[in-house]
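Read through the structure below, which is laid out as structure tokens, and then see the notes.
The values are calculated or read from the model by the stated rules, or taken from the named source; none is laboratory data. All values derive from a computational prediction rather than experimental measurement. Ideal geometry is used to build each Cβ from the backbone, glycine not excepted, and the neighbour counts take in all protein chains shown. Note: accessible area is taken over every heavy atom of the protein model, side chains too, but ligands, DNA and RNA are not part of it. Shrake-Rupley method; radii C 1.70, N 1.55, O 1.52, S 1.80 Å.
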Amino acid sequence: MTAAGLVEVLVQQRTARVDRPLTYAVPAGLPLEIGDVVRVPLGPRELYGYVVSPLRTGTRKNGVREIAAHVDGPRAFDRDGLALARWMAARYCCTLGEALSAVVLAASLPRVVDRFEVAGPLEAAEGSGVPARLLALLRDDLAEGFSLDALMRHPEARRAGDRKTLLSALSALQRTGALRRHRSFVRPRIVEIREKVLASTGKAVRGPRVRALVERVEQSGEMRRRDALLAGFSASIVARALREGALAETEQRATRAHSPGAREEQDFVATGEQTVAIDAIDACVASEAFSELLVQGVTGSGKTFVYLRAIERALARGVRAIVLVPEISLTPQTARRFESVFGQRVCVFHSGLSERERFESWQAAARGGIDVVVGARSALFAPLPGARLIVIDEAHERTYKQESVPRYDALDVARERMRLAGGTLVLGSATPPLESYARAVRGEIGHVRLELRATAQPLPAVTIVDLAAEFAAGNRRIFSTQLVDAIGKRLACGEKTVLFVNRRGSASFILCRGCGNVPVCLRCSVSLTAHRIEGLLRCHLCDAQHPIPTACPACGGGPIREFGAGTQTVAETAQTLFPAAKIVRMDSDTTTRVGAHARLLDEFGEDGDILVGTQMVAKGLDFPTVSLVGVVAADIGLHVPDFRAAERTFDLITQVAGRSGRTRPGEAIVQTYAPLHPAIAFAARHDYDGFAHWELATRAELRYPPFAELVYLGVIGRGERDVVRAAERYAELLRRVPGAEVLGPAPYPIARVNDEWRYRIAVKASDAEPVRVEIREQLQPIASADRTTRLAVNVDP
């Protein structure tokens, strides 16, 4: 044993056997810092890894190997990023590597790529436990070779088994000689990228859409083709402008991402309430100590203006800021407002950007070249030095909770980041998360209210329509008489209407009235959703698709009827009732292409009469001429088995109703079969405090958050008996934890997805840290050794 420089390295290897840092010796004269990327030996191979400890001098024990190389390039993270990842790993019961996957910009790092090719007969593996679906896939589609990542993304492979099953099958096929593996070291994916940029030639052009594109380019000086598409201009419109000579196109080196579209003027004068809120945020920032502030403002109260002015003051103090929005589609709109004030000192960051754009923004933040980062959930981890202010807009949105590993809640991670930095966290919402509201009421965090709209317009009048009474009166349509009359009045006076329905497709299911059969997915325990325009029945979980039958597949008869209105049916019904109206439909089916969201909103804003949409129309819309909102079916989601169902229903109704009457008197009509339910009744009165008082009393009685911490453990596998056996074992282990209330195991609300069975255990505790310790130290090691099931831990669901 000799003295040597030593560091801890976390190897980039997704396996339960290598989920903790390993000690390596540092070659003499090699300076290493936390976050550096190195290449290290592990067994007979070399892999990349991260340095996760400071360099120290110690005794080099036998078996401690030496780092092979230091990889040139940017550091993967700094000390603060590592501290945040360690906190996430402990909080959300994941490995440090999984937590770092959220913190690290993967495209900027080198990686090891495994490629496989079929090298022998696959028939020998039949009946050996290798999934038959995988063998068919290798034989028919992947015989020419494939990467491990490509296989894991392939839908047929996912149906063949989970990651653990597939890795085990690949190993078995290698041992038999049926597969050959090639390993290579690959440079970072970010390379020099050139992009197409549009500039105006000054030549006149015909056509309203082409003229609008040319005017937008002229306002910006020049515009990337990508930004033109994101702004809603189709590729054919761009091609026509180029063909007619109104625009010229050149190639330039790709630059840091900015939001498309014209800048917005921000020369407003703060109202009295806004001034109080701005001063409150500024006082928190000036204190240079950790603080948290809830800005509770009604829809249309000008919360974004408050953020802008507060960040302006923060920058004057040398403090940088991160602003989170709940949806990628809202990022360009929000970024434009910030760029109007802060110009080039703003960068946009979200998963919709190219790898080069993400890298440019990431590096600009790390170098201190910008002051404000605007983006969706992942922007929270931007390496922005001096970031001591984080603003989370629409803080109630469920999109701030990540549903894949690491299953973190952005609000909690932002709170921890500001605690580490001695900064300020601002949560803004018209309908705050009840946990934050309860803390504000108790005086644990700051609380500022904006109770008036910035335009001085009153909140819209809300009318509840009892659909049971409509049905009894003989109305079989999905629109009540009152809603039809209200839409007609708006069309007559040139005003716009938004119709909200929280379900895409034309119907939730189809049913044979002869035998009662409902077509269900063969891989998932859900009914198939009808999409009439496509002529398909689709599973919204695994995307299985089948033609809509003309006769019942069970009895051969009928008649077959659709039940449950989706966006397609609502749009079709509205078009039938109002044939002269221009109707725009916005849901996840119509916004799959780049720029579709912006294009549909522009279409509605220019000449649309009725906008039909799902949750995406409940936020971020600000059209002066929208004076009517119709909630077609307020009950969807109200009765699902989720303790947050009432809160989400209240939030949705309140938020979508707030799209109405921004600059003129507005109205909202809420159709429901449960007109007396408190979530609906309080929303109709715009009474958040009343709803919160009722809902918090209910949760206190049942010991749900914020009166207890909650952890869900999902046990998932191909065989139901294996899943139940494992779930019962885990539940028994958890019942040993003092103070833990263990419920289940019981099937998920949807018990089978993509041919996998799913059972869930719920654990409540006043302090869940002992529960998390039990999961990390006892359950997860057992689950790692179980080849038939896997464990999914969801803390704070």
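Quick notes on this structure:
- Computed from the C-alpha gyration tensor, the three semi-axes of the ellipsoid equivalent to region 270-318 are 19, 12, 8 Å, from longest to shortest.
- Among residues other than ARG415 with Cβ under 10 Å from its Cβ, the summed charge is -2 (Lys and Arg +1, Asp and Glu -1).
- Calculated FRET efficiency for the pair GLU606/ASP635, C-beta based, R₀ 45 Å, to 0.05: 0.85
- Fraction of beta bridges assigned by DSSP in the chain that are antiparallel (%, nearest 5): 60
- Extending 7 Å from Cα along the Cβ direction at ASP140 and again at LEU22 yields two label points whose distance is 4.0 nm.
- The count of lysine pairs in the chain with alpha-carbon distances below 23 Å, taking only pairs 8 or more places apart or on different chains, stands at 8.
- Residue-count net charge about ALA668 - beta-carbon cut-off 12 Å; Lys, Arg +1, Asp, Glu -1: +1
- Kirkwood estimate for region 702-786, i.e. one over the average of 1/r between Cα atoms, Å: 13.2
- Solvent exposure of the chain, expressed per residue, is 43 Å² of accessible area, with all protein chains present and a 1.4 angstrom probe.
- Computed helical MRE - 222 nm, the chain, DSSP H runs ≥ 4 contributing -39500 (n - 2.57), nearest 500: -9500 deg cm²/dmol
- Hydrodynamic estimate: the Kirkwood radius of region 321-446 over Cα pairs, inserted into Stokes-Einstein at 25 °C and 0.890 mPa s, corresponds to D of 164 µm²/s.
- Between region 17-39 and region 347-395, the Cα center-to-center distance that results, in Å: 27
- Scattering curve values for the chain, log₁₀ I(q)/I(0), Debye with Cα scatterers, q = 0.09 Å⁻¹: -1.04
- Overall form of region 575-733 per C-alpha gyration tensor (a/c, 1.5; a/b vs b/c): oblate
- A full extension of the chain between ALA150 and VAL186 corresponds to an added length of 11.4 nm, given 0.36 nm per residue minus the alpha carbon distance.
- Cys residues of the chain that find no other Cys beta carbon under 4.7 Å: CYS93, CYS94, CYS284, CYS347, CYS493, CYS542.
- Portion, in percent, of the accessible area of the chain that falls on carbon or sulfur, probe 1.4 Å: 51
- Per-selection metrics, region 1-149 (Cα): Rg and Dmax in Å: 19.1, 56
- Across the options VAL405, GLN568, LEU611, the greatest Cα extent toward the positive end of the charge dipole of the chain (unit charges at beta carbon of Lys, Arg, Asp, Glu) belongs to VAL405.
- Using a simple spin-label model with pseudo-atoms 7 Å out from Cα toward Cβ, ALA270 and GLU33 lie 3.7 nm apart.
- In Å², nearest 10: area of SER527 left accessible to a 1.4 Å probe: 40
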